[in-house]
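Novice: Structure provided below as C-alpha coordinates; questions to follow.
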Amino acid sequence: MREINASIPFDKRLWRQDLAGSKAHVAMLGATGIVGPQDAATISAGLDTVAAHYEANGVAEDMVLEDIHMQSEARLAEAIGPVAGRLHTARSRNDQVATDFRLWVRDAIDQVDVALKGFQLALLARAEEHADSVMPGFTHLQSAQPVTLGHHLMAYFEMTARDRSRFADARARGNRSPLGSAALAGTGFPIDREMTAAALGFDGPTRNSLDAVSDRDFAIEYLTAAAQVALHLSRLAEEFILWASQPFGFVSLSDQWSTGSSIMPQKRNPDAAELVRGHSGRIIGCLTALMVTMKGLPLAYSKDMQDDKPPVFEAHDLLGLSIAAMTGMVESATFRTPRMRAAAEAGFSTATDLADWLVREGGIPFREAHHITGRAVKLAEERGIALDQLPLEDLTAIDARIDDRVYGVLSVDASVASRTSFGGTAPARVRAAIAAAREELA
(Lines give C-alpha, C1' and ligand atoms only; values in the text may rest on other atoms or scores of the structure.)
Protein backbone atom coordinates (compact mmCIF):
# COMPACT_ATOMS: atom_id res chain seq x y z
CA MET A 1 0.00 0.00 0.00
CA ARG A 2 2.80 2.37 0.88
CA GLU A 3 4.47 1.82 -2.48
CA ILE A 4 1.36 2.23 -4.63
CA ASN A 5 0.12 5.17 -2.56
CA ALA A 6 3.29 7.27 -2.58
CA SER A 7 3.83 9.91 -5.24
CA ILE A 8 7.00 11.49 -3.85
CA PRO A 9 9.26 9.80 -6.48
CA PHE A 10 7.71 12.01 -9.15
CA ASP A 11 5.85 14.86 -7.46
CA LYS A 12 9.04 16.01 -5.76
CA ARG A 13 9.48 18.04 -8.95
CA LEU A 14 6.75 20.32 -7.60
CA TRP A 15 8.71 21.46 -4.56
CA ARG A 16 9.26 25.04 -5.75
CA GLN A 17 5.61 25.46 -6.63
CA ASP A 18 4.53 23.79 -3.39
CA LEU A 19 6.59 26.16 -1.25
CA ALA A 20 5.47 29.19 -3.28
CA GLY A 21 1.84 28.22 -2.72
CA SER A 22 2.46 27.74 1.00
CA LYS A 23 4.13 31.14 1.31
CA ALA A 24 1.20 32.84 -0.40
CA HIS A 25 -1.23 30.91 1.79
CA VAL A 26 0.45 31.75 5.09
CA ALA A 27 0.79 35.41 4.11
CA MET A 28 -2.96 35.47 3.55
CA LEU A 29 -3.63 33.65 6.85
CA GLY A 30 -1.58 36.31 8.63
CA ALA A 31 -3.22 39.22 6.80
CA THR A 32 -6.74 37.98 7.59
CA GLY A 33 -5.93 37.21 11.23
CA ILE A 34 -6.64 33.49 10.85
CA VAL A 35 -3.07 32.90 12.04
CA GLY A 36 -1.26 35.34 14.32
CA PRO A 37 1.34 37.62 12.71
CA GLN A 38 4.25 36.15 14.65
CA ASP A 39 3.31 32.59 13.74
CA ALA A 40 2.82 33.60 10.10
CA ALA A 41 6.26 35.21 10.02
CA THR A 42 7.85 32.15 11.64
CA ILE A 43 6.19 29.81 9.14
CA SER A 44 7.25 31.97 6.19
CA ALA A 45 10.86 32.03 7.37
CA GLY A 46 10.70 28.29 7.95
CA LEU A 47 9.52 27.73 4.37
CA ASP A 48 12.59 29.63 3.19
CA THR A 49 14.71 27.25 5.26
CA VAL A 50 13.02 24.24 3.66
CA ALA A 51 13.60 25.75 0.21
CA ALA A 52 17.31 26.21 0.95
CA HIS A 53 17.50 22.61 2.15
CA TYR A 54 15.86 21.29 -1.02
CA GLU A 55 18.08 23.46 -3.20
CA ALA A 56 21.20 22.11 -1.52
CA ASN A 57 20.23 18.50 -0.94
CA GLY A 58 17.27 17.68 -3.18
CA VAL A 59 14.04 16.12 -1.93
CA ALA A 60 14.31 12.81 -0.11
CA GLU A 61 12.04 10.02 -1.36
CA ASP A 62 10.51 9.10 2.00
CA MET A 63 7.63 6.74 1.23
CA VAL A 64 6.10 7.30 4.68
CA LEU A 65 5.80 11.00 3.84
CA GLU A 66 3.98 10.03 0.70
CA ASP A 67 3.98 13.24 -1.32
CA ILE A 68 5.74 16.58 -1.64
CA HIS A 69 3.12 18.27 0.53
CA MET A 70 3.63 16.02 3.55
CA GLN A 71 7.37 16.00 2.94
CA SER A 72 7.53 19.79 3.07
CA GLU A 73 5.27 19.98 6.10
CA ALA A 74 7.55 17.51 7.93
CA ARG A 75 10.68 19.47 6.97
CA LEU A 76 8.96 22.65 8.15
CA ALA A 77 8.11 21.07 11.52
CA GLU A 78 11.74 20.03 11.89
CA ALA A 79 12.79 23.62 11.26
CA ILE A 80 10.28 25.57 13.41
CA GLY A 81 8.45 23.08 15.61
CA PRO A 82 4.71 22.64 16.26
CA VAL A 83 3.74 26.04 14.87
CA ALA A 84 4.23 24.46 11.44
CA GLY A 85 0.88 22.74 11.96
CA ARG A 86 -0.94 26.07 11.53
CA LEU A 87 0.10 26.26 7.86
CA HIS A 88 -2.55 23.78 6.74
CA THR A 89 -5.39 25.84 8.16
CA ALA A 90 -8.14 26.51 5.57
CA ARG A 91 -6.69 24.33 2.84
CA SER A 92 -6.56 20.69 1.76
CA ARG A 93 -4.05 18.65 -0.15
CA ASN A 94 -6.68 18.65 -2.90
CA ASP A 95 -6.53 22.39 -3.57
CA GLN A 96 -2.84 22.40 -2.71
CA VAL A 97 -1.86 19.90 -5.41
CA ALA A 98 -4.19 21.51 -7.93
CA THR A 99 -2.46 24.84 -7.27
CA ASP A 100 1.03 23.37 -7.40
CA PHE A 101 0.34 21.55 -10.63
CA ARG A 102 -1.15 24.62 -12.31
CA LEU A 103 1.90 26.62 -11.31
CA TRP A 104 4.21 23.92 -12.69
CA VAL A 105 2.35 23.68 -15.98
CA ARG A 106 2.39 27.46 -16.30
CA ASP A 107 6.16 27.46 -15.80
CA ALA A 108 6.49 24.60 -18.30
CA ILE A 109 4.55 26.57 -20.92
CA ASP A 110 6.84 29.55 -20.43
CA GLN A 111 9.91 27.32 -20.90
CA VAL A 112 8.50 25.74 -24.05
CA ASP A 113 7.60 29.13 -25.47
CA VAL A 114 11.18 30.36 -25.09
CA ALA A 115 12.47 27.19 -26.77
CA LEU A 116 9.99 27.46 -29.63
CA LYS A 117 10.94 31.08 -30.23
CA GLY A 118 14.57 29.97 -30.50
CA PHE A 119 13.50 27.34 -33.02
CA GLN A 120 11.66 29.99 -35.02
CA LEU A 121 14.73 32.24 -35.05
CA ALA A 122 16.81 29.34 -36.38
CA LEU A 123 14.26 28.74 -39.14
CA LEU A 124 14.22 32.44 -40.03
CA ALA A 125 17.99 32.62 -40.30
CA ARG A 126 18.22 29.66 -42.66
CA ALA A 127 15.14 30.75 -44.64
CA GLU A 128 16.71 34.15 -45.23
CA GLU A 129 19.93 32.47 -46.34
CA HIS A 130 18.01 30.34 -48.84
CA ALA A 131 15.22 32.67 -50.00
CA ASP A 132 16.39 32.11 -53.62
CA SER A 133 17.48 28.46 -53.36
CA VAL A 134 15.28 26.38 -55.67
CA MET A 135 14.10 22.94 -54.63
CA PRO A 136 11.28 20.65 -55.69
CA GLY A 137 8.00 21.10 -53.89
CA PHE A 138 6.26 17.78 -53.36
CA THR A 139 2.79 16.35 -53.20
CA HIS A 140 2.51 12.60 -52.57
CA LEU A 141 6.33 12.79 -52.32
CA GLN A 142 6.34 13.36 -56.08
CA SER A 143 7.87 16.47 -57.63
CA ALA A 144 5.02 18.93 -58.03
CA GLN A 145 6.16 22.53 -58.51
CA PRO A 146 9.44 24.26 -57.75
CA VAL A 147 9.62 26.24 -54.54
CA THR A 148 12.43 27.82 -52.60
CA LEU A 149 14.07 26.25 -49.59
CA GLY A 150 13.36 29.49 -47.73
CA HIS A 151 9.66 29.08 -48.43
CA HIS A 152 9.77 25.46 -47.28
CA LEU A 153 11.44 26.37 -43.99
CA MET A 154 9.00 29.22 -43.43
CA ALA A 155 6.16 26.68 -43.53
CA TYR A 156 7.58 25.26 -40.29
CA PHE A 157 7.85 28.77 -38.87
CA GLU A 158 4.10 29.14 -39.41
CA MET A 159 3.39 25.79 -37.77
CA THR A 160 5.47 26.84 -34.78
CA ALA A 161 3.65 30.16 -34.54
CA ARG A 162 0.38 28.26 -34.23
CA ASP A 163 1.98 25.98 -31.64
CA ARG A 164 2.99 28.97 -29.53
CA SER A 165 -0.49 30.43 -29.80
CA ARG A 166 -2.00 27.16 -28.55
CA PHE A 167 0.28 27.21 -25.53
CA ALA A 168 -0.60 30.85 -24.91
CA ASP A 169 -4.31 30.03 -25.02
CA ALA A 170 -3.83 27.10 -22.64
CA ARG A 171 -1.85 29.30 -20.27
CA ALA A 172 -4.55 31.95 -20.20
CA ARG A 173 -7.34 29.46 -19.53
CA GLY A 174 -5.38 27.66 -16.84
CA ASN A 175 -4.20 30.76 -15.02
CA ARG A 176 -6.80 30.61 -12.23
CA SER A 177 -6.00 29.75 -8.64
CA PRO A 178 -7.67 26.73 -6.99
CA LEU A 179 -6.14 27.65 -3.63
CA GLY A 180 -8.88 28.14 -1.06
CA SER A 181 -11.21 25.55 -2.58
CA ALA A 182 -10.08 23.22 0.24
CA ALA A 183 -11.07 19.56 -0.10
CA LEU A 184 -14.04 20.18 -2.43
CA ALA A 185 -16.56 22.53 -0.80
CA GLY A 186 -14.57 25.61 0.13
CA THR A 187 -13.91 26.63 3.72
CA GLY A 188 -15.64 28.42 6.57
CA PHE A 189 -12.54 30.48 7.40
CA PRO A 190 -12.61 34.12 6.24
CA ILE A 191 -9.88 33.61 3.64
CA ASP A 192 -8.95 36.02 0.86
CA ARG A 193 -8.64 34.01 -2.33
CA GLU A 194 -8.02 37.10 -4.43
CA MET A 195 -4.94 37.82 -2.32
CA THR A 196 -3.40 34.37 -2.79
CA ALA A 197 -4.27 34.34 -6.48
CA ALA A 198 -2.52 37.68 -7.02
CA ALA A 199 0.50 36.63 -4.97
CA LEU A 200 0.98 33.59 -7.20
CA GLY A 201 0.54 35.49 -10.45
CA PHE A 202 -2.89 34.04 -11.27
CA ASP A 203 -5.53 36.15 -13.00
CA GLY A 204 -7.96 35.37 -10.19
CA PRO A 205 -9.40 32.47 -8.22
CA THR A 206 -11.38 29.60 -9.74
CA ARG A 207 -15.15 30.06 -9.44
CA ASN A 208 -16.30 26.59 -8.33
CA SER A 209 -14.58 24.61 -5.61
CA LEU A 210 -15.70 21.21 -6.92
CA ASP A 211 -14.38 21.98 -10.37
CA ALA A 212 -11.20 23.53 -9.01
CA VAL A 213 -9.94 20.44 -7.18
CA SER A 214 -11.00 17.93 -9.84
CA ASP A 215 -10.10 19.82 -13.03
CA ARG A 216 -7.08 18.73 -15.04
CA ASP A 217 -8.07 20.43 -18.28
CA PHE A 218 -5.00 22.66 -17.97
CA ALA A 219 -2.73 19.59 -18.01
CA ILE A 220 -4.62 18.00 -20.91
CA GLU A 221 -4.40 21.25 -22.86
CA TYR A 222 -0.68 21.39 -22.20
CA LEU A 223 -0.30 17.85 -23.52
CA THR A 224 -2.53 18.59 -26.51
CA ALA A 225 -0.35 21.54 -27.47
CA ALA A 226 2.79 19.49 -26.78
CA ALA A 227 1.54 16.68 -29.00
CA GLN A 228 0.89 19.14 -31.83
CA VAL A 229 4.42 20.51 -31.53
CA ALA A 230 5.76 16.96 -31.52
CA LEU A 231 3.84 16.21 -34.73
CA HIS A 232 5.32 19.26 -36.44
CA LEU A 233 8.84 18.46 -35.25
CA SER A 234 8.39 14.88 -36.39
CA ARG A 235 7.42 16.01 -39.88
CA LEU A 236 10.56 18.14 -40.18
CA ALA A 237 12.63 15.32 -38.70
CA GLU A 238 11.22 12.94 -41.32
CA GLU A 239 12.14 15.38 -44.08
CA PHE A 240 15.67 15.69 -42.75
CA ILE A 241 15.92 11.88 -42.62
CA LEU A 242 14.77 11.61 -46.25
CA TRP A 243 16.88 14.55 -47.42
CA ALA A 244 20.00 13.17 -45.73
CA SER A 245 19.68 9.83 -47.55
CA GLN A 246 21.89 9.29 -50.59
CA PRO A 247 18.98 9.07 -53.11
CA PHE A 248 17.88 12.59 -52.08
CA GLY A 249 21.18 14.13 -51.02
CA PHE A 250 19.52 17.45 -50.17
CA VAL A 251 21.17 17.94 -46.78
CA SER A 252 24.21 16.91 -44.82
CA LEU A 253 23.65 16.81 -41.07
CA SER A 254 26.55 17.92 -38.92
CA ASP A 255 28.54 15.38 -36.92
CA GLN A 256 27.07 17.07 -33.85
CA TRP A 257 23.60 15.82 -34.76
CA SER A 258 24.33 12.47 -36.37
CA THR A 259 26.14 9.27 -35.45
CA GLY A 260 28.27 6.62 -37.09
CA SER A 261 27.67 2.92 -37.56
CA SER A 262 29.24 0.27 -35.35
CA ILE A 263 30.52 -1.66 -38.39
CA MET A 264 30.06 0.59 -41.46
CA PRO A 265 32.54 3.48 -41.36
CA GLN A 266 30.94 5.32 -44.26
CA LYS A 267 27.60 5.77 -42.48
CA ARG A 268 26.29 9.01 -41.01
CA ASN A 269 22.98 8.17 -39.37
CA PRO A 270 20.38 10.87 -38.61
CA ASP A 271 19.81 9.45 -35.12
CA ALA A 272 18.76 12.73 -33.50
CA ALA A 273 16.08 13.27 -36.14
CA GLU A 274 14.91 9.68 -35.77
CA LEU A 275 14.64 10.10 -32.00
CA VAL A 276 12.62 13.29 -32.42
CA ARG A 277 10.31 11.33 -34.70
CA GLY A 278 10.12 8.57 -32.08
CA HIS A 279 9.53 10.98 -29.20
CA SER A 280 6.40 12.26 -30.94
CA GLY A 281 4.73 8.89 -30.41
CA ARG A 282 5.60 8.89 -26.73
CA ILE A 283 4.27 12.44 -26.27
CA ILE A 284 1.00 11.53 -27.99
CA GLY A 285 0.87 8.51 -25.67
CA CYS A 286 1.21 10.80 -22.66
CA LEU A 287 -1.80 12.80 -23.84
CA THR A 288 -3.80 9.64 -24.35
CA ALA A 289 -2.82 8.31 -20.92
CA LEU A 290 -4.08 11.38 -19.06
CA MET A 291 -7.28 11.64 -21.09
CA VAL A 292 -8.10 8.00 -20.39
CA THR A 293 -7.30 8.50 -16.69
CA MET A 294 -9.72 11.41 -16.45
CA LYS A 295 -12.54 10.17 -18.66
CA GLY A 296 -14.60 8.33 -16.03
CA LEU A 297 -13.91 10.19 -12.80
CA PRO A 298 -16.89 11.56 -10.84
CA LEU A 299 -16.52 14.82 -8.93
CA ALA A 300 -14.49 15.67 -7.01
CA TYR A 301 -11.01 14.28 -6.31
CA SER A 302 -10.10 10.62 -6.83
CA LYS A 303 -6.73 9.02 -6.21
CA ASP A 304 -6.51 8.14 -9.91
CA MET A 305 -5.59 11.78 -10.37
CA GLN A 306 -2.25 11.15 -8.67
CA ASP A 307 -1.29 9.64 -12.03
CA ASP A 308 -1.84 12.99 -13.76
CA LYS A 309 1.71 14.21 -13.28
CA PRO A 310 4.00 11.48 -14.72
CA PRO A 311 2.71 11.82 -18.31
CA VAL A 312 2.97 15.60 -18.17
CA PHE A 313 6.49 15.47 -16.75
CA GLU A 314 7.56 12.87 -19.31
CA ALA A 315 6.09 14.79 -22.23
CA HIS A 316 7.70 18.03 -21.08
CA ASP A 317 11.15 16.46 -20.84
CA LEU A 318 10.83 14.78 -24.24
CA LEU A 319 9.49 17.94 -25.86
CA GLY A 320 12.37 20.04 -24.53
CA LEU A 321 14.88 17.56 -25.96
CA SER A 322 13.07 17.44 -29.30
CA ILE A 323 12.91 21.21 -29.74
CA ALA A 324 16.58 21.58 -28.79
CA ALA A 325 17.60 18.82 -31.22
CA MET A 326 15.62 20.20 -34.16
CA THR A 327 16.89 23.72 -33.47
CA GLY A 328 20.44 22.42 -33.53
CA MET A 329 19.87 20.47 -36.72
CA VAL A 330 18.35 23.46 -38.51
CA GLU A 331 21.18 25.75 -37.39
CA SER A 332 24.01 23.39 -38.37
CA ALA A 333 22.71 21.56 -41.45
CA THR A 334 24.48 21.99 -44.77
CA PHE A 335 21.85 22.28 -47.49
CA ARG A 336 23.04 20.93 -50.84
CA THR A 337 21.29 23.46 -53.02
CA PRO A 338 22.76 22.32 -56.36
CA ARG A 339 21.31 18.86 -55.73
CA MET A 340 17.96 20.42 -54.81
CA ARG A 341 17.93 22.52 -57.97
CA ALA A 342 18.81 19.52 -60.13
CA ALA A 343 15.93 17.56 -58.62
CA ALA A 344 13.54 20.44 -59.28
CA GLU A 345 14.67 20.66 -62.89
CA ALA A 346 14.42 16.91 -63.43
CA GLY A 347 10.84 16.43 -62.34
CA PHE A 348 8.93 18.49 -64.95
CA SER A 349 7.94 20.69 -62.04
CA THR A 350 7.19 23.65 -64.32
CA ALA A 351 4.41 21.82 -66.16
CA THR A 352 1.76 23.83 -64.32
CA ASP A 353 3.50 27.02 -65.46
CA LEU A 354 3.07 25.91 -69.07
CA ALA A 355 -0.63 25.24 -68.49
CA ASP A 356 -1.08 28.59 -66.78
CA TRP A 357 0.71 30.34 -69.65
CA LEU A 358 -1.63 28.73 -72.18
CA VAL A 359 -4.61 29.99 -70.19
CA ARG A 360 -3.16 33.45 -69.68
CA GLU A 361 -1.65 34.11 -73.10
CA GLY A 362 -3.70 31.83 -75.37
CA GLY A 363 -7.09 32.21 -73.74
CA ILE A 364 -7.37 28.43 -73.59
CA PRO A 365 -9.65 26.82 -71.00
CA PHE A 366 -7.57 25.29 -68.23
CA ARG A 367 -8.72 21.71 -68.83
CA GLU A 368 -7.64 21.94 -72.48
CA ALA A 369 -4.36 23.56 -71.43
CA HIS A 370 -3.87 20.70 -68.97
CA HIS A 371 -4.11 18.14 -71.81
CA ILE A 372 -1.74 20.12 -74.06
CA THR A 373 0.79 20.33 -71.25
CA GLY A 374 0.49 16.60 -70.63
CA ARG A 375 1.49 15.93 -74.24
CA ALA A 376 4.50 18.24 -73.87
CA VAL A 377 5.59 16.48 -70.68
CA LYS A 378 5.27 13.10 -72.36
CA LEU A 379 7.45 14.25 -75.25
CA ALA A 380 10.12 15.68 -72.94
CA GLU A 381 10.05 12.48 -70.90
CA GLU A 382 10.54 10.35 -73.98
CA ARG A 383 13.53 12.44 -74.99
CA GLY A 384 14.99 12.60 -71.47
CA ILE A 385 15.11 16.39 -71.39
CA ALA A 386 13.50 19.18 -69.36
CA LEU A 387 10.46 21.08 -70.62
CA ASP A 388 12.45 24.25 -71.27
CA GLN A 389 14.82 22.20 -73.48
CA LEU A 390 12.08 21.22 -75.94
CA PRO A 391 12.59 23.04 -79.28
CA LEU A 392 9.91 25.57 -80.19
CA GLU A 393 8.92 23.64 -83.29
CA ASP A 394 8.07 20.61 -81.17
CA LEU A 395 5.92 22.75 -78.88
CA THR A 396 4.09 24.43 -81.76
CA ALA A 397 3.52 21.01 -83.32
CA ILE A 398 1.64 20.08 -80.15
CA ASP A 399 -0.35 23.32 -80.24
CA ALA A 400 0.08 26.20 -82.69
CA ARG A 401 -0.86 28.79 -80.12
CA ILE A 402 2.47 28.29 -78.31
CA ASP A 403 5.18 30.84 -79.18
CA ASP A 404 8.69 31.64 -77.96
CA ARG A 405 7.37 33.69 -75.03
CA VAL A 406 6.66 30.41 -73.26
CA TYR A 407 10.35 29.99 -72.42
CA GLY A 408 9.95 32.87 -69.99
CA VAL A 409 7.99 30.59 -67.65
CA LEU A 410 9.50 27.15 -68.21
CA SER A 411 12.68 27.47 -66.12
CA VAL A 412 12.52 26.73 -62.40
CA ASP A 413 13.77 30.24 -61.60
CA ALA A 414 11.04 31.82 -63.69
CA SER A 415 8.50 29.53 -62.08
CA VAL A 416 9.31 30.46 -58.51
CA ALA A 417 9.68 34.13 -59.37
CA SER A 418 6.17 34.14 -60.84
CA ARG A 419 4.49 32.87 -57.63
CA THR A 420 3.96 36.36 -56.27
CA SER A 421 0.56 35.85 -54.65
CA PHE A 422 0.46 36.55 -50.92
CA GLY A 423 2.01 33.57 -49.16
CA GLY A 424 3.66 32.37 -52.38
CA THR A 425 7.17 31.06 -52.96
CA ALA A 426 8.58 33.97 -55.00
CA PRO A 427 11.85 35.06 -53.33
CA ALA A 428 10.48 38.57 -52.88
CA ARG A 429 7.46 37.14 -51.06
CA VAL A 430 9.66 34.90 -48.92
CA ARG A 431 11.80 37.86 -47.85
CA ALA A 432 8.70 39.88 -47.07
CA ALA A 433 7.37 37.00 -44.97
CA ILE A 434 10.67 36.76 -43.09
CA ALA A 435 10.66 40.52 -42.40
CA ALA A 436 7.09 40.33 -41.09
CA ALA A 437 7.98 37.33 -38.95
CA ARG A 438 10.97 39.11 -37.41
CA GLU A 439 8.78 42.08 -36.60
CA GLU A 440 6.18 39.79 -35.06
CA LEU A 441 8.77 38.05 -32.88
CA ALA A 442 10.26 41.36 -31.79
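The values are calculated or read from the model by the stated rules, or taken from the named source; none is laboratory data. Treat the numbers as computed from the prediction; the structure is a model and nothing was measured. FYI the Cβ positions are ideal-geometry reconstructions off the backbone, even for glycines, and counts take in every protein chain you see. Heads up: the accessible areas ignore ligands, DNA and RNA and are worked out on the full protein's heavy atoms, side chains in. Shrake-Rupley method; radii C 1.70, N 1.55, O 1.52, S 1.80 Å.
Novice: Determine the gain in length on full extension of the stretch Thr420-Ala342; use 0.36 nm per residue of separation and subtract their C-alpha separation, reporting nm with one decimal.
Specialist: 25.8 nm
Novice: Taking only C-alpha pairs under 8 Å that are 6+ residues apart, what is the relative contact order of the chain in percent?
Specialist: 17
Novice: Determine which residues of the range 343-383 fall in the zone a paramagnetic label at Gln389 would reach in this model, i.e. backbone nitrogen under 17 Å from the point 7 Å along Cα→Cβ.
Specialist: Counting backbone N atoms under 17 Å from the label point, the list is 343-351, 376-383.
Novice: Rounded to the nearest whole Å³, what is the per residue volume of the convex hull around the Cα atoms of the range 344-441?
Specialist: Enclosed volume per residue, from the Cα hull, is 98 Å³.
Novice: Per residue, how many Å² of accessible area does the range 164-274 show with a 1.4 Å probe?
Specialist: Solvent-accessible surface per residue comes out at 47 Å².
Novice: Using mean Cβ contacts within 10 Å as the protection proxy, how do 129-138, 414-423, 21-30, 274-283 order, highest first?
Specialist: With the highest mean Cβ count within 10 Å placed first, the list reads 21-30, 129-138, 274-283, 414-423.
Novice: Of the peptides 377-385, 239-247, how do they stack up when ordered by the mean number of other Cβ atoms within 10 Å, highest first?
Specialist: With the highest mean Cβ count within 10 Å placed first, the list reads 239-247, 377-385.
Novice: So for the chain, if I pair up every lysine 8 or more residues apart or on another chain, how many of those pairs have alpha-carbons under 22 Å apart?
Specialist: So the count of such lysine pairs works out to 5.
Novice: I would also like to ask the following. At 222 nm, what value in deg cm²/dmol follows for the chain if DSSP H runs of at least 4 each add -39500 (n - 2.57) and the sum is divided by all its residues, to the nearest 500?
Specialist: Computed ellipticity for the chain at 222 nm equals -21000 deg cm²/dmol.
Novice: Could you give the distance between the Cα centres of the range 129-197 and the range 295-326, to the whole Å?
Specialist: 17
Novice: In addition: Given a 1.4 Å probe and every protein chain left where it sits, what share in percent of the accessible area of the chain is carbon and sulfur?
Specialist: Result for the chain: 54 percent of the exposed heavy-atom area is carbon or sulfur.
Novice: Across the range 18-28, in residue order, what do the Karplus-derived ³J(HN,Hα) couplings come to in whole Hz, using 6.51 cos²θ - 1.76 cosθ + 1.60 with θ = phi - 60° and x for Gly and Pro?
Specialist: Ordered by residue, 3J(HN,Hα) equals 5, 6, 5, x, 5, 5, 5, 5, 6, 4, 5 Hz.
Novice: Working from Cα positions, state the angle (0 to 90°, nearest 10) between the long axis of helix 93-129 and the longest principal axis of the chain.
Specialist: So the helix axis and the longest Cα principal axis differ by about 20 degrees.
Novice: In the range 303-335, which residues have a backbone nitrogen under 16 Å from the label point lying 7 Å from Ile4's Cα in the Cα-to-Cβ direction?
Specialist: 303-307, by backbone N distance to the label point.
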